[in-house]
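Shown next, in structure tokens, is the structure this report addresses.
None of the figures in this text is laboratory data; all of them are computed from the coordinates on show. What you see is a predicted model, and the numbers here were worked out from it, not measured in a lab. Reconstructed Cβ throughout: ideal geometry from the backbone, glycine too, with neighbour counts over all protein chains shown.
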Amino acid sequence: MREINYNDLVANVAKICIDANYNLGQDVIDALQKHLATEESPTGKAILQQIIENAAIAREGVFPLCQDTGFAVFFVNLGQEVHIKGGSLNDAIAEGVRKGYGDGFLRKSIVADPLRRVNTKDNTPPIIWTEIVPGDKLNVTIAPKGGGSENMSEVAMLTPADGAEGVKKFVVDKVSRAGGNPCPPVIVGVGIGGTFEKVAWLAKKSLLRPVGSRNPDQFYADMELELLDKINKLGIGPQGLGGRTTALDVHIEAYPCHIASLPASVNIQCHSARHKSFEL
Amino acid sequence: MAEIIKLTTPLDDSQVKKCRAGDNVLITGPIYTARDAAHKKLVDLLDAGKPLPVDLTGHLIYYVGPSPTRPGQAIGSAGPTTSYRMDPYAPKILQAGSKGMIGKGEMGKGVADALQKYTGVYLTSVGGAAALIAKSIKSSKVVAYEELGAEAIVLLMVENFPAIVSQDCYGGNSFVEGLKKYRING
């Protein structure tokens, strides 16, 4: 077994909490620039400019990209040869969140109970999705998720008869109904297949892919581009005030499913599409 | 785009009436923050006929829960939160004397009607441009509900705070008009 020190893990988690919230990925900035050049709405253009300028200010390290620094969602690939020495994986991630959200002046947005709603004041607990994989490495990705865009997400249990057209209709309708609420331009994460819970996970996982990347399966790559085109014809535009730039990208992830089922999901990601990783 | 309208808060009806859906504005003066939890408390007080902890007359309410303030700064990042969650409360806040609100996303019909009835304006600032917006906030002071943390009511002094008129006191709505203009059918 390869040993990884608990404290190293905490320090690295804290670091990516801060990094993700101050440094927007170049893939997102490139996509915003590309749309700034083609956006037809003057208001839309002005908004895209503000978003690009905002990323530059955040990069200075004083003001986070967005005041909603999100629910700390983690995707962990844990090599089966790895042993965490000095504590548990989940405790180390929670402690890293506590430290990162404190040291980084990030907002504490989590309530301890959904109905009794008392803030935990340290942005814990995180949400941790762990996959055990071959090897002796530990890979951790944080994707802080804001409430505004998460609220515009949905799962639909379609029937096999609904087929690809049914899925496409569901996705476009969902983005259409979300309008300006999830802070467009957005990235639309789509899950297809699996089960009720798996399909939601797939949509979220798809958001980790860089903007501009395509599903390796040509069938789904084509569907991604078709959906992107349909969504950008809706006219919603930046912040919902009209324009051509409603989505920067659509990412689809699919999984085998039951003969009776066609689960589909949409997880909307705002333009503050934050994710950072480390490997130990 | 038309010229930029300069608004000085607190607002009177004549300033509100100048604002038409689609106009760009720069706001200077005091504004109050409030979001979900503070709205619930304010409206509970109004429903019970009790006085509010702050006088809302002429004021704009900014739907925001800022990130923590670093030492030496006036505030943390401070972009708008989604406004429709305040749909149930906003008409009563306007009735109590507020002249409008700043948030993101469209507000419902009840709010649109109240904007006409009480001569108010709904302004959109750019969601996710929170670091940029923070630069126009010169000071911040918690004035009520400190126990709510990021949801407390804070008095902000702003200077040239950028926003877009999205729903006006004449029934104008930039979300509806923008969509109509840029939608491609088929």
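For this structure, a couple of remarks:
- Evaluating 6.51 cos²θ - 1.76 cosθ + 1.60 at θ = phi - 60° for every residue in segment B:171-177, the Karplus couplings come out as x, x, 9, 5, 5, 5, 5 Hz, glycine and proline recorded as x.
- Under the span-like rule (Cα at least 20 Å along the axis, Kyte-Doolittle mean at least -1.0), DSSP H helices of chain A: A:6-22, A:42-59, A:89-103, A:163-178, A:218-232
- Long-range HN-HN contacts of B:T82 with modeled amide H, under 5 Å: none
- Entry for segment B:5-180 at q = 0.10, 0.12, 0.15, 0.18 Å⁻¹: log10 I(q)/I(0) = -0.33, -0.48, -0.76, -1.13, Debye formula applied to identical alpha-carbon scatterers, no solvent contribution.
- D by Stokes-Einstein for segment A:147-273, Kirkwood Rh over Cα pairs, 10 °C, 1.306 mPa s: 113 µm²/s.
- Where trypsin sites (Lys or Arg not before Pro) fall in DSSP loop in segment B:122-186, at most 15 other Cβ within 10 Å: B:R183
- Sorted peptide list for A:225-232, B:87-94, criterion being average Cβ within 10 angstrom, highest first: B:87-94, A:225-232
- Of the residues B:V176, B:V43, B:V143, the one that moves most in a GNM of chain B with alpha-carbon contacts below 10 Å is B:V176.
- Electrostatic dipole magnitude of segment A:147-273 [Cβ: Lys, Arg +1; Asp, Glu -1; Cα centre; debye, to 20]: 220
- Computed 3J(HN,Hα) for segment B:98-114, one whole-Hz value per residue from the Karplus formula 6.51 cos²θ - 1.76 cosθ + 1.60 where θ = phi - 60°, is 4, 9, x, 8, 10, x, 9, x, 6, 9, x, 5, x, 6, 4, 5, 5, glycine and proline marked x.
- Amide H contacts under 5 Å for A:L158, placed H, 5+ residues apart: A:L262, A:A264
- Computed from phi, the 3J(HN,Hα) profile of segment B:36-46 under the Karplus parametrisation 6.51, -1.76, 1.60 (θ = phi - 60°) reads 2, 5, 5, 4, 4, 5, 4, 5, 4, 5, 4 Hz, with x in place of Gly and Pro.
- Exposure proxy shown here: for B:Y182, A:Y255, B:Y145, B:Y122, the number of other Cβ atoms within 10 Å sets the order, fewest to most, as A:Y255, B:Y145, B:Y182, B:Y122.
- Most fluctuating residue given options A:A247, A:A200, A:A221, as computed from a GNM of chain A linking Cα atoms under 10 Å: A:A221
- log10 of Debye I(q)/I(0), alpha-carbon scatterers only, for segment A:167-219 at 0.14, 0.19, 0.23, 0.28 Å⁻¹: -0.42, -0.79, -1.10, -1.28
- Bins of 10 Å, starting at 0 and running to the largest distance - Cα pair percent for the protein assembly as shown: 4, 21, 30, 26, 14, 5, 1, 0
- Alpha-carbon centroid distance for the pair segment A:207-280 / segment A:120-152, whole angstrom: 19
- Ranking of A:R214, A:R117 by neighbouring Cβ atoms within 10 Å, starting from the fewest: A:R117, A:R214.
- Charge sum, other residues only, whose C-beta stays under 15 Å from A:N151's C-beta, Lys/Arg counted +1 and Asp/Glu -1: +1
- For A:V190, A:V76, B:V111, order by how many other beta-carbon atoms lie within 10 Å, fewest first: A:V76, B:V111, A:V190
- Under-5 Å amide H pairs with B:A144, H placed in peptide plane, nonlocal only: B:I153
- Cα centroid separation, segment A:17-84 to segment B:21-70: 28 Å.
- Loop-resident sites, segment A:24-132, for chymotrypsin sites (Phe, Trp or Tyr not before Pro), counting at most 15 other Cβ within 10 Å (DSSP): none
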